[in-house]
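The values are calculated or read from the model by the stated rules, or taken from the named source; none is laboratory data. Quick caveat: nothing in here was measured; it's all calculated off a predicted structure. For neighbour counting, all protein chains shown are included, and Cβ atoms are generated from backbone atoms with ideal geometry for every residue, glycine included. All accessible areas refer to the heavy atoms of the entire protein, side chains included, with ligands and DNA or RNA removed. Shrake-Rupley method; radii C 1.70, N 1.55, O 1.52, S 1.80 Å.
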Amino acid sequence: KEINNEVEALVREMINEKEKAMKMGKAGWDDNFMGMLLKANLKEIEEHGNDEAGISIQEVIEECKLFYFVEQETTANLLF
């Protein structure tokens, strides 16, 4: 549970940084999985005009954790 909380805090911090970069109009904030997920979520919210249309930040965190750990498992399997 402690590790999960730490991972969630780290991912939440990265999301906050991506959102700041997005609001400031910085280029390249959407150049990875997390950025693309946030961009797609923002587009979905804008199209429907409310925050309920997209996924929650907690769901973004869960998707990022899942993607990261699946990638780690796949890479480990390739090495053996």
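What is the percent carbon and sulfur in the accessible area of the chain, measuring with a 1.4 Å probe over the protein chains and ignoring ligands? Working shown, then result.
Details: 3520 of 6260 Å².
Heavy-atom surface of the chain belonging to carbon and sulfur, 1.4 Å probe: 56 percent.
Listed here are the pairs Lys1/Lys65; Lys20/Lys43; Lys1/Lys39; Lys1/Lys23; which of them are more than 22 Å apart at the Cα? Please list the in-between numbers first.
Working: Lys1/Lys65 14 Å; Lys20/Lys43 16 Å; Lys1/Lys39 30 Å; Lys1/Lys23 33 Å.
Result: Lys1/Lys39; Lys1/Lys23 exceed 22 Å.
Roughly how many debye, to the nearest 20, is the charge dipole of the chain about its Cα centre, given +1 on each Lys and Arg Cβ, -1 on each Asp and Glu Cβ, and no other charges?
Numbers: 9 positive and 18 negative charges, 58 e Å.
Once rounded to the nearest 20, the dipole reads 280 debye.
Say the dipole of the chain comes from +1 at the beta carbon of Lys and Arg and -1 at that of Asp and Glu; which of Ala27, Ile3, Ala40 then lies farthest toward its positive end?
With unit charges placed on the Cβ atoms, the residue in question is Ala27.
Per residue, what accessible area does the chain have, given a 1.4 Å probe and all protein chains present, in Å²?
Per-residue accessible area for the chain comes out at 78 Å².
Taking 0.36 nm per residue of sequence separation and subtracting the Cα-Cα distance, how much length would be gained by fully extending the chain between Phe80 and Met36, in nm to one decimal?
Stretched fully, the Phe80-Met36 segment lengthens by 12.8 nm.
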